[in-house]
Structure formats: C-alpha cells, structure tokens
Amino acid sequence: MSGVLDGIRVLDFGRYIAGPHCAALLADYGAEVIRLEKIDGNEDRFLFPITENGEGAAFLQHARNKLGMTLNPTKPEGREIVKKLVATADVVVANVPVNVLKTMGIDYESLKAIKSDIILTTSSAFGSIGPYSEKVGFDGVAQAISGNLHLSGFPDRPMKNFNPYVDFTTAILCAYGTVLAILERNKTGKGQIVEGSLLASAVNVANASLMEQSVLQSNREATGNRSPYASPSDAFQTTDGWVFVQAIGQGLFERWVTLVDQPQLLEDPRFKDDLGRGINGEAISEIMAAWCKDKSNAEVLTALEKARLPAGEILTPQECLDHPQVKAPNLLQYTDFPGLSKPAPMSSPPIKLSETPGEIKRRPPTLGEHTDEILLTLGYSGNEIAELRKKRIV
C-alpha cells in the first residue's frame, strides 16, 4: 500500500528525540528517511540500552522505517557527500543549534545553494531568537521554564513529568510543519525553514495556565494529582490498587454526587462550579477517597463506568503492555532487532488514516547498515567507499 509521503526523501541529522521522532513520523507514512549518525553512533542510539550491543529503546522507537548511514560532515569529503545527498532530498531534519548547522554545512543558505526548493526542519531548546537562543537545554529544562514543574508535584517539591512530553510535542509539531511546507512547495515551488523549539512547545501546552496567570494573577501552587480546575479529579486508593477519576463539568459532578450519595453537595456554595470545586478539591477528594477505600479496583471502575464517569486504573508499565485496550487496536507492534533477546513493543503510528495508513515496514538500522548502499546510488565506487571508511569519513 502506498504512503501519503511516497517519493519524499528526508535526511535525518536529528539527535535524541525531537528531530529523530519527527523524521520517524514522516517515515511511517511513506517518506524515505536516511538517518545520518556519527561514525561511532549518535548519543541517542545508546539511551535506555536493551540490546546486547547497547542500543537503546529510545533509538529503536525513533529509528523505525529508516535507512542508516554513518558520516562525518565536518571533513571536506564528508561535506561533499552531504552536498550530493541534499541534491537528492526534499527535507533535511536537524535539531541542533544554528552554529552547529553551519559547521555541518546544513544551514538553510547552504542547503538552498545546493537545492533551491529544499525544506529545512529544525528545532532547538529555545529557538533562534532571544537571549537564550544559543543556550542548550533538554525537555526537563523547557518544562521548568514553562511553569510546568512549579504546577506539578507539591508546593514544597516541584516535579517534572516522567515521560518527555515536550520532546514529543516538538517532534509532532515539526512533522506537522514539514507536511505543511511540502504542501506549500507543491503549490509555489519554494522551500522554507520549519522551526520548532522545546520552549515554544512547552509554552503551547501550558498556555491556559499562563493566560489565567496573566489575566487573574492567580499565583497557583501545585496540588499533587488533584486538578485545580474541577473535582473530583484525583488518584484514589482502593483495596487492591489505585484509580484515577476525572469529573469535569456540572453534568459529571451531578452524576458523581448521585454515585456517592451526597446530594447536599449540590447545595454547597463551595462546589457551585468547576472553579470552586477545583479550589475546594481537597474536601471532595476526601469524600471520594472514603467511598473507594473499602472497594476493589474492579468494583470502583464498574460503578464509575455505570455512572458514565471518566476513570482508569493506574497501571504499571507491564500492566499497560498486557492491557486489552492496548492490544486490541495494536497500539504496539512487536519488532525484532539484532541483539534483542526478544521482539520489542514499538509504538505503531499513533494517527490512523483509513485509506493510507502509516505502518512500520522496516526495523531500525544497525549502525551504518545502509552506508554502502546509499553511497553507491550517489556514484561512489567500492574502492572510493573503502577509502572513505579508512579516513573515517563514513
């Protein structure tokens, strides 16, 4: 089955998550993506190691559906290879600072001189404008600056999200921007720069809380698992585990009141709307905690579902892997890779298209697995490739 992005070639100079995952999303839907790494492998190849050779889980997720090539673009022969690759490409993805782009010869002006309609998709910690434009940063730093750490956890202990939502949001937005740039190029014949940043992504996610602060000067503090905007919205312990419940809006609150048989709460002025229920959420959480404490997870969830109240069990990663709602739609595709003791559950393309679905067609590449194959298509001979390897250009 053909993919939406069939015929699009992407050069992936990305590192860690934002760049590589952006390119992976494009590859899922048909783009030919060449992952370009350092001679000994990029740092992200070895994060969360799970193979006998040290390749990591993060690498496996973000390198699916890609061809793998090693290259040192800082040497003259490497720069020449970059030029030849760019001449064949539609998109270059690189989440590195602007000065590094220039060192690698993949800044927009250099790319455009090689191929006038090229699209450069780039992201960095803070973007290209402002006093932090040359500072380095990771997901947690953007979470911190956006206010997320202050509002997560507890007042005396800021807490970041375990999973790097800023990195993934940046990757998704960059993939979205890349597709928009491809559509625009199809109309006008012009390429452009697609720029994302971790801070821009974090601020986008945090926008509602930032607007509230600006307009109302609310100066919110962290409330643990409780929502500051509605209640009950919290984690509750049962006889055999934990559940998370979210009742947002008057209708759901009224259903919850009926469920816990506390009709007087509807007359309590503290709980007249979501905002009041959020401010006074501790009192509501205490009522729900008491209702849950002598019931099992199954009993609580059955009752909540009957009342049509949103809730879910709090699972361990293993329990998530085993969950029927994860298995039924094939959210994870078990994929083999050299050095794995068993196939690893790789996230399937998360967006479903009915006519042109994304899919994992190719396992992640071993280090430099397709270097010779790609160089041969660029016109290099076997002897020339051997000489490039000897010089550690590839």
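Couplings for the stretch 224-233, taken from phi via the Karplus curve 6.51 cos²θ - 1.76 cosθ + 1.60 with θ = phi - 60°, read x, 7, 6, 6, x, 10, 6, 6, x, 8 Hz in order; Gly and Pro are left as x. Taking amide hydrogens as placed 1.01 Å from N in the peptide plane, the amide H of ASP234 sits under 5 Å from those of VAL245, each at least 5 positions away in sequence or on another chain. Amide hydrogen proximity for TRP242: with H placed 1.01 Å from N in the peptide plane, the residues at 5 or more positions away or on another chain lying under 5 Å are ILE314. Starting from the Cα gyration tensor of the stretch 213-288, take the square roots of the eigenvalues, sort them a ≥ b ≥ c, and report rounded, prolate or oblate (rounded when a/c is under 1.5, otherwise prolate if a/b is larger than b/c, else oblate). Oblate, since a/c reaches 1.5 and b/c is not below a/b. Dividing the mean sequence gap of close Cα pairs (under 8 Å, 6+ apart) by how many residues the stretch 238-354 holds gives a relative contact order of 29 percent. When all alpha-carbon pairs of the stretch 136-287 are counted, what percent fall beyond 22 Å? Cα-Cα pairs of the stretch 136-287 separated by over 22 Å account for 56 percent.
Measuring nothing but how far apart in sequence close Cα pairs (under 8 Å, 6+ apart) lie, relative to its length, the stretch 49-126 scores a relative contact order of 27 percent. If you compute percent of Cα pairs over 34 Å apart for the structure shown, which of (i) 42; (ii) 29; (iii) 49 do you land on? Evaluating percent of Cα pairs over 34 Å apart on these atoms matches (i).
Counting beta carbons within 10 Å around each of CYS174, CYS22, CYS292 and listing the fewest first gives the order CYS292, CYS174, CYS22. For the stretch 1-111, the square roots a ≥ b ≥ c of the C-alpha gyration tensor eigenvalues yield an a/c of 1.5 or more together with a/b not exceeding b/c, which makes the shape oblate. For SER296, the residues 5 or more places off, or on other chains, whose built amide H falls under 5 Å of its own are THR239.
Relative contact order of the stretch 156-264, taken over Cα pairs closer than 8 Å and 6 or more residues apart, is 14 percent. In sequence order, the stretch 134-144 has phi-based couplings of 9, 7, 8, x, 10, 3, x, 5, 5, 4, 5 Hz under the Karplus curve 6.51 cos²θ - 1.76 cosθ + 1.60, θ = phi - 60°, and Gly or Pro positions carry x.
For the chain, the list of Cys residues with no other Cys C-beta under 4.7 Å reads CYS292, CYS320. On the beta carbon distance between LYS306 and GLU355, with R0 = 45 Å, the FRET formula returns roughly 0.75. When the charge dipole of the stretch 129-267 is built from unit charges on Cβ atoms (+1 for Lys and Arg, -1 for Asp and Glu) and taken about the Cα centre, the candidate among ASN204, SER133, ALA222 whose Cα reaches farthest toward its positive end is SER133. For the stretch 248-262, putting each phi into the Karplus relation 6.51 cos²θ - 1.76 cosθ + 1.60 with θ = phi - 60° gives couplings of 10, x, 4, x, 5, 4, 5, 4, 5, 4, 5, 4, 8, 6, 10 Hz, in residue order, rounded to whole numbers and with x for Gly and Pro. Annotation for the stretch 278-353 versus the stretch 212-272: alpha-carbon center distance of 20 Å.
Report the FRET efficiency, 1/(1 + (r/R0)^6), for ASP6 and ALA235, where r is their Cβ-Cβ distance and R0 is 51 Å, rounded to 0.05. Walk me through the numbers on the way to the answer.
Details: r = 45 Å, r/R0 = 0.88.
Between ASP6 and ALA235 the formula returns 0.70.
Here is how the number arises for the chain: DSSP H runs of 4 or more residues each give -39500 (n - 2.57), the sum is divided by the residue count, and the result at 222 nm is -11500 deg cm²/dmol. Note on the chain: with charges restricted to the Cβ of Lys and Arg (+1) and Asp and Glu (-1), its dipole about the Cα centre is near 1120 debye. Note on the chain: dipole from Cβ charges, positive end direction compared against TYR29, LEU367, ALA63; the farthest Cα belongs to LEU367.
Residues considered: ALA58, ALA181, ALA235. Largest GNM mean-square fluctuation over the chain, using C-alpha springs under 10 Å, is found at ALA235.
Read-outs: derived from the displayed coordinates by stated rules, not from any lab. From a predicted model like this one, the values you see are computed outputs, not experimental measurements. For neighbour counting, all protein chains shown are included, and Cβ atoms are generated from backbone atoms with ideal geometry for every residue, glycine included.
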